[in-house]
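Colleague: Structure in structure tokens, see below.
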Amino acid sequence: MRTLTIYHLGLIDYLTAWDLQRRIARARSAGQVGDTLLLLEHPPTITLGSKARAEHLLIPAEHLSAEGVTVIQSDRGGGATYHAPGQIVAYPIFKLSQHGRDIGRYLRGLEESVIRVLRDYGLIGDRVPGFTGVWVRNGAAKICAIGIKVSAGGVTTHGLALNVNIDMRGFDLIVPCGVQGRGVTSMAAELGEVLAMSSVAERLIGHLCAVFDLEPAVVVTAEQWKAHLPVAEIKTGTHS
């Protein structure tokens with residue numbers, strides 16, 4: 001079974017995480033490392049994917065910046081997404097050829113992993129035809145946004161953002177993922193209680209590994225990463 005290297009990065013700004021993704025993706029494409037998963041939270045940030053339009057920002061970017069919300073044009077797919085503490089962000093950096101080569105199948109695998117996490121907590125996750133992501137209450141409210149990029153070498157970056165304990169007021173700043181007429185929610189809002197982020201993250205790791213036939217092997221802590229451990233020095237077990 002192929003192994004998975006997991007980075008637990010804690011709270012990290014979007015641009016720093018994006019740069020790390022690109023570094024690891026280059027190493028993955030070159031066969032220097034195996035499949036890798038970044039788990040983290042972002043400070044208040046709005047990212048705009050390839051399908052985002054100006055009207056999806058409900059407040060001008062300069063006003064958002066004054067309020068401490070960073071706005072970034074990303075190279076992922078999808079529309080506008082809000083990130084903040086209390087949201088688990090997962091960036092799988094996978095070689096797609098090891099997972100069926102099919103982008104649609106890969107996206108469905110990400111959705112399935114989140115649906116299984118929700119099921120563990122007694123929530124029913126839904127797919128909505130024509131959209132990527134996970135909803136609850138029969139598609140009434142989105143609980144997980146998904147947006148990815150696949151490089152020319154077939155390596156994935158970006159990923160999913162699962163709302164756990166996030167302050168939902170931030171979503172009032174955007175049209176989430178460009179989808180009108182549907183709400184946004186969190187696990188805490190649906191369950192009426194604050195959840196342990198680490199427990200949700202561990203369940204997500206387990207389900208991602210089960211869905212993509214991976215075994216968690218190496219864990220890189222925020223402290224190790226901040227010490228600038230070179231990507232190529234991380235031993236990741238079996239990879240190709």
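Colleague: Report ³J(HN,Hα) in whole Hz for each residue of segment 25-35, in order, from the Karplus equation J = 6.51 cos²θ - 1.76 cosθ + 1.60 where θ = phi - 60°; Gly and Pro get x.
Modeller: 4, 5, 5, 5, 4, 7, x, 7, 9, x, 4
Colleague: Binned at 5 Å from 0, what are the whole-percent values of the Cα-Cα distance distribution for segment 183-225, short to long?
Modeller: 5, 16, 17, 21, 16, 15, 9, 1
Colleague: For P(r) over Cα pairs in 10 Å bins from 0, in percent, which listed value, [x] 7, 29, 35, 22, 7, 1; [y] 8, 33, 35, 18, 6, 0; [z] 8, 34, 38, 18, 2, comes from the coordinates shown?
Modeller: For P(r) over Cα pairs in 10 Å bins from 0, in percent, the calculated option is [z].
Colleague: Specify the longest stretch of the chain that does not include any exposed loop site, a site being one of the GluC sites (Glu not before Pro) with a non-H, G, I, E, B DSSP assignment and at most 13 other Cβ atoms within 10 Å. If you can, show how the numbers build up before the last one.
Modeller: Values: sites that count: 67, 193.
So the longest stretch without any such site is 68-192.
Colleague: Among 158, 84, 66, whose Cα lies farthest out toward the positive end of the dipole of the chain, if unit charges sit on the beta carbon of Lys, Arg (+1) and Asp, Glu (-1)?
Modeller: Final value for the positive-end residue is 158.
Colleague: From the mean inverse distance of alpha carbon pairs (Kirkwood) and the Cα radius of gyration, derive Rg over Rh for segment 47-138.
Modeller: Expressed as Rg/Rh, it is 1.01.
Colleague: Let me ask another. Do you know the Lys pair count in the chain for C-alpha distances under 27 Å, with sequence separation 8 or more or different chains?
Modeller: 9
Colleague: On a full-extension model of 0.36 nm per residue, what is the gain between residue 172 and residue 13, subtracting their alpha-carbon distance, rounded to one decimal in nm?
Modeller: Working: separation 159, 0.36 × 159 = 57.24 nm, distance 2.10 nm.
Additional length available on full extension: 55.1 nm.
Colleague: Taking the Cα centre of segment 3-45 as the origin, how large is its charge dipole in debye, to the nearest 20, when only Lys and Arg (+1) and Asp and Glu (-1) carry charge on their Cβ atoms?
Modeller: On the way: 4 positive and 4 negative charges, 47 e Å.
Value, rounded to 20: 220 debye.
Colleague: How much net charge surrounds residue 10 when only the other residues with a Cβ under 13 Å from the Cβ of residue 10 are counted, with Lys and Arg +1 and Asp and Glu -1? Before the final figure, lay out the partial values.
Modeller: Working: positive: 226; negative: 13, 41, 223.
Charge balance in the 13 Å sphere: -2.
Colleague: Give me the net charge of residue 50's neighbourhood, meaning all other residues with Cβ under 15 Å from the Cβ of residue 50; Lys, Arg count +1, Asp, Glu -1.
Modeller: +3
Colleague: A follow-up question, please. Rounded to the nearest 10 degrees, what's the angle between the helix 103-120 long axis and the longest principal axis of the chain, both from Cα atoms, 0 to 90?
Modeller: 70 degrees
Colleague: Now for a different question. Please determine, in degrees from 0 to 90 and to the nearest 10, the orientation of helix 197-212 with respect to the longest principal axis defined by the Cα atoms of the chain, where the helix direction is its Cα long axis.
Modeller: Between the helix axis and the principal axis of the chain, the angle is about 60 degrees.
Coordinate-derived values only; no laboratory data. Remember, it's a predicted structure, so these values are computed and weren't measured experimentally. Cβ sites come from the backbone with ideal geometry, for glycine too, and all protein chains shown count toward neighbours.
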